[in-house]
Amino acid sequence: MDQDRAARGQAEEPPLLKVQGVSKSFPGVKALSDMHLDLRRGEVLALVGENGAGKSTLMKLLSGIYPADEGAFFLNGAKIQATGPKHAQELGISIIHQEFNLMPDLTVAQNIFIGHEPRSGGFLLNERRLNSQARSLIEGLHLPLEPKQLVGNLTVAKQQMVEIAKALAYDAKVLIMDEPTAALNEAEVGVLHGLIRRFVKADTGVIYISHRMDELKAISDRVTVIRDGRYVGTVDTQQTTMKEVISLMVGRELAGEARPEHVVEDREVLLSVTGLSTKALLKDVGFDLRKGEILGFAGLMGAGRTEVARALVGADKVDAGTVTLRGEQVHIKNPADAARYRIGYLSEDRKQFGLLLEQEVNANIGLSSLQELFQHLGFMKDKAMRAKSREYVDTLRIKTPSVAQTAKNLSGGNQQKVVIAKWLVKDCDILIFDEPTRGIDVGAKEEIYRLLNSLAGQGKSIIMISSELPEVLRMSHRIVVMSEGRVTGLLSAAEASQESVMHYATLRPDESAEDAAELGLDEPALVAARTDRKAGER
Amino acid sequence: MSTSTVPPDQQEQQPTVAALGTSFKDRLQQFLAFASLIVIFVFFSVASPNFFNYANITAILFSTVVIGTLALGTTFVIITGGIDLSIGTGMALCAVISGELIVNAGLPVPLGVLGTILFGGLLGLINGFNIAILKIPPFIATLAMMLVAQGLALVISHSTPIYFSDAPSYIKISTGHLIPALNLPNAVLVFAFLAVVSAVLLNKTILGRYTYSIGSNEEATALSGINTRKWKMVVYALAGLFIGMAGVLISARLGSAQPATGAGYELQAIAAVVIGGTSLAGGKGSIVGTVIGALIISVLNNGLQLMSIPQEWQNVILGCVILVAVYADMARKRAA
Ligand SMILES: Nc1ncnc2c1ncn2[C@@H]1O[C@H](COP(=O)(O)OP(=O)(O)OP(=O)(O)O)[C@@H](O)[C@H]1O
Ligand SMILES: [Mg+2]
């Protein structure tokens, strides 16, 4: 550490951004202690650390959302003290926060320029200029967005793009992205990385927070590791291995990779879906789920994986299709109905559908199994519930001072763990996990994979929807690949590879297969490519 | 595999939003509300011989003016995701203040009116302070203000009405005919003006933009660098100004300040806002909808009265109308 400091002292130019001796405590939690880091000009600095290590807190201190207890921030050598996000932006620091911060009822343009609306005279808005400014910004960034679209109608990936446009709407020198790719799939990640490369110039820099180790190599120049609120070290991405980074992060050796046990092919079919269609997207979706099987669902943005899950548990209206459970045809009308059939659904959107943010960790974990496990004649069995919660807080390493902590005070990844715990506590036969490891650190991911495997070993069936292809490939016994609302491929673990999944994922029902393959396999910026082409066709 | 699918880039693009911030769907909602207004209107014209004549239409418009003025301010509050229960008794208190200023203190009418409106703004500002700064939930903060205003109106007026008999120019504010050719009482003109001003504020100014923004996602709005506390105070203060204006309009219309009236208007105004398609969850709503909502409520009130339906049953019917209107709105949104 001292070496580090000395080296910095000799450098003639101050770093673009310097964090020095920053500490921050919350009641019962020391989130940061004496944290420091340097961001150089023209680099992408990855910031990694376990869930609850203090990454997001550091960024919130930097943008002045909370005051720091100790320490200081320097931009180009000058001390800065942002009083809030707007001030930070004026100083040249733009932050994309971990949780989405968009207004669903406003348009893309209105969201991008919120707080900086062009006006025609003091108080009056100039909507036309707003839209044209937004259009030129969007076009400059090559984003597939329309200024007048309602943000609430956009997919998660496009919402992320709106966030980026919003962050880059002003002359940002430092761009901070807190897990920007947690909700994106490979192709979308490619688009994002393209954007970042275009942004980084001689006088700008990016701090990139992520739990997806594979992408650090692709995008970052250096990696700074933080553990328990303290600086651990910084390494050059080219001169390190991800294994080294991970061991710095967790401070211990990780156990070997969890792999699913082999499933005998002739296991009984538990759930069988045929001809599932919805008005919006799904067309004739069919698949079988066997007992003790982990069935992966892969596909691009908008392929309809989440829609299948929602249709299955009765959250969305189904137009046609039959669902057969244990050999009997069933009609699942709503999620409560699904729970009665012992089907659990973990939503991809934890803030909206997964968590009671204002409630204790304990209440969240016990929520879906109150009826079966934690009540007697309608009276709550608090003690049993707390004990169970503690058990899962330990196994999943949920970082919280106690099970009585309010859920919203947990770090993003730890909130996700709480949602997972909720469904693990409940004794379901079929668990549908939609993006279960979103925002979860490498160590805890392994823990969750191990739990999923042991659930499958106990004869439970799991549907795992994930945008992280490596995860799907590794964890699934079989993989259903979807494209544009249809099932385009079904692969066994042996057949499945990155290439074969991507092939089926980019198959378009109304196009020849070669065409789609050519488009999908060689072009990382798939989304942009498609949109460009479509624009060209018109 | 013959049916062609919608490409993913397109399937999420619902009809885009027009420049005014009202989508096609919202327009449809307003159209539905407007259609039901016509249906109700025609029904009463047929059912009651006393309904469709100048005197009665004027009476309907007068009552629309009072409910509507309160509802205009409340539309802003509800779009932010808040609620204001203090508007009804606040209006009675403002009427009393107006009486005190003009009748008892002898202030010139324009000054008295200005003072009353500003007093209303002060009530709203206090609400805003309690909600935005002290973080008291809007329901509680304005419920408290509702009681305070009710009590103060009685205390200040010693529980007796204040008559404006000596200030005929005050009474003209509501009942005069500024534009004789139009043959409409001034109160209606004032309300039309206020509605236009509100629509401009909501759709064309940063105040309106932040009103929608806060209701849509308050935390995100704050993280975008907007001083949400300040803007919430502004919104409640604005609602307060409308309380003050409603206080002037109702007392000028009646020729007196009635300290004991007022309670009940808040629910009618909120009902008007909701029938007009504004979402209590925040983020969505329009002034046109609110005006139509206020008309529906006053037409119903008036028509049911003319048909000699007892007050108790009028309330039952009004309650049912609110349920049906809101349910129809939600069902339509779900279907879309
Ligand atoms: N407002 C708050 N009140 C109490 N504790 C908090 C608050 N915000 C953060 N913490 C705690 O501070 C610690 C650091 O949280 P932070 O959000 O910075 O973690 P993180 O590194 O971003 O984790 P993740 O990878 O899960 O997003 C956590 O233990 C968290 O519970
Ligand atoms: Mg975080």
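Out of the residues in the range B:180-208 that are more than 25 Å from B:LEU93 (Cβ to Cβ) and open to solvent by 80 Å² or more (accessible area, probe 1.4 Å), state the one that is nearest to the other protein chains (Cβ to nearest Cβ). Selected residue: B:LYS204. Restricted to strands (runs of 3 or more DSSP E) entirely inside the range A:20-109, those with at least 1 residues that are facing chain B (nearest Cβ under 10 Å) are A:93-96.
The number of residues in the range A:47-60 being within 15 Å of A:GLY439 (Cα to Cα) and more than 6 Å from ligand 1 (Cβ to nearest atom) comes to 3. Selection of first residues in the range A:215-239 that are open to solvent by 50 Å² or more (accessible area, probe 1.4 Å) and of second residues that are modelled with pLDDT of 90 or more and of a type in the set (D, E, K, R), restricted to Cβ pairs under 6 Å at least 6 apart or on distinct chains, gives the following pairs, ordered by first then second residue: A:ASP221/A:GLU43; A:ASP236/A:ARG222.
Of the residues making up the range A:338-381, those that are within 22 Å of A:ASN414 (Cβ to Cβ), open to solvent by 60 Å² or more (accessible area, probe 1.4 Å) and assigned to a helix (DSSP H, G or I) are A:LYS351, A:GLN352, A:PHE353, A:LEU367. Would you tally the residues in the range A:62-89 being over 13 Å from A:ASP178 (Cβ atoms), within 16 Å of ligand 1 (Cβ to nearest atom) and aliphatic (A, V, I, L, M)? Within the range A:62-89, residues that are over 13 Å from A:ASP178 (Cβ atoms), within 16 Å of ligand 1 (Cβ to nearest atom) and aliphatic (A, V, I, L, M) number 1. In the range A:403-455, the qualifying residues are those that are farther than 26 Å from A:GLY251 by Cβ and part of a loop (DSSP other than H, G, I, E, B), and the one that is farthest from ligand 1 (Cβ to nearest atom) is A:ASP429.
Looking across the range B:287-318 at every residue that is without any contact (Cβ under 8 Å) to a residue 60 or more places away in the chain and open to solvent by less than 30 Å² (accessible area, probe 1.4 Å), the one that is farthest from B:SER48 (Cα to Cα) is identified as B:LEU318. In the set (1) more than 16 Å from ligand 1 (Cβ to nearest atom); (2) under 21 Å from the mean Cα position of the chain (by Cα); (3) of a type in the set (Gly, Ala, Ser), the condition left unmet by A:ALA169 is number (2). Checked against (1) open to solvent by 50 Å² or more (accessible area, probe 1.4 Å); (2) in a loop (DSSP other than H, G, I, E, B), A:LEU281 passes all but condition (1).
A search for C-beta distances below 7 Å between a residue of the range A:393-416 that is away from chain B (no Cβ under 14 Å) and any residue that is open to solvent by 50 Å² or more (accessible area, probe 1.4 Å) and within 12 Å of ligand 2 (Cβ to nearest atom), counting only pairs 6+ apart in sequence or on different chains, returns A:SER411/A:LYS399; A:ASN414/A:LYS399. Screening B:ALA144, B:ALA132 for residues that are in contact with a helix residue (DSSP H, G or I) (Cβ under 8 Å, 6 or more places away or on another chain), assigned to a helix (DSSP H, G or I), within 19 Å of B:THR261 (Cα to Cα) and of a type in the set (Gly, Ala, Ser) leaves exactly one candidate, B:ALA144.
Can you confirm whether the range A:294-315 contains a residue that is over 26 Å from the mean Cα position of the chain (by Cα) and open to solvent by 10 Å² or more (accessible area, probe 1.4 Å)? No, every residue in the range A:294-315 fails to be over 26 Å from the mean Cα position of the chain (by Cα) and open to solvent by 10 Å² or more (accessible area, probe 1.4 Å). Condition test on A:ASP214, is it at pLDDT below 85, away from chain B (no Cβ under 14 Å) and part of a helix (DSSP H, G or I)? So A:ASP214 fits the description; yes. Filter the range A:470-487 for residues that are outside any strand (DSSP E or B) and either in the same structural domain as A:SER210 (by TED's automatic domain parsing) or open to solvent by less than 10 Å² (accessible area, probe 1.4 Å) (or both) and give the result. Once the filter is applied, which keeps residues that are outside any strand (DSSP E or B) and either in the same structural domain as A:SER210 (by TED's automatic domain parsing) or open to solvent by less than 10 Å² (accessible area, probe 1.4 Å) (or both), the range A:470-487 yields A:GLU471, A:VAL472, A:MET475, A:SER476, A:GLU484, A:GLY485.
Taking the range A:112-125 as the range and being under 35 Å from the mean Cα position of the chain (by Cα) and more than 9 Å from every other protein chain (Cβ to nearest Cβ) as the test, the residues that pass are A:ILE112, A:PHE113, A:PRO118. For the range A:439-480, taking the residues that are away from ligand 2 (no atom under 16 Å from the Cβ) and among the charged types (D, E, K, R), the one that is modelled with the highest pLDDT is identified as A:ARG478.
The set of residues in the range A:47-65 being touching a helix residue (DSSP H, G or I) at 6+ places or on another chain (Cβ under 9 Å) and within 14 Å of ligand 2 (Cβ to nearest atom) consists of A:LEU47, A:VAL48, A:GLY49, A:GLU50, A:ASN51, A:GLY52, A:ALA53, A:SER56, A:LEU62, A:SER63, A:ILE65. Taking the range A:95-111 as the region of interest, how many residues are farther than 16 Å from B:GLU218 by Cβ and surrounded by fewer than 24 Cβ atoms within 10 Å (Cβ to Cβ)? Within the range A:95-111, residues that are farther than 16 Å from B:GLU218 by Cβ and surrounded by fewer than 24 Cβ atoms within 10 Å (Cβ to Cβ) number 2.
Among the residues of the range A:178-185, none qualifies, meaning not one is under 20 Å from the mean Cα position of the chain (by Cα), away from ligand 2 (no atom under 16 Å from the Cβ), open to solvent by less than 50 Å² (accessible area, probe 1.4 Å) and within 30 Å of A:GLY77 (Cα to Cα). Of the residues that sit in the range A:127-151 and are open to solvent by 40 Å² or more (accessible area, probe 1.4 Å) and within 11 Å of another protein chain (Cβ to nearest Cβ), which one is nearest to the chain's Cα centre (by Cα)? My answer is A:LEU150. All but one of (1) more than 17 Å from the chain's Cα centre (by Cα); (2) under 24 Å from B:VAL190 (Cβ atoms); (3) in a helix (DSSP H, G or I) hold for B:GLY68; state the number of the condition that does not hold. For B:GLY68, the failing item is (1).
The values are calculated or read from the model by the stated rules, or taken from the named source; none is laboratory data. Owing to the predicted nature of the structure, the values given are computational and were not obtained by experimental measurement. Quick reminder, even Gly has a Cβ in these numbers, built from the backbone with ideal geometry, and neighbours come from all protein chains shown. We work out accessible area using only protein heavy atoms, side chains counted, and drop any ligands, DNA or RNA first. Shrake-Rupley method; radii C 1.70, N 1.55, O 1.52, S 1.80 Å.
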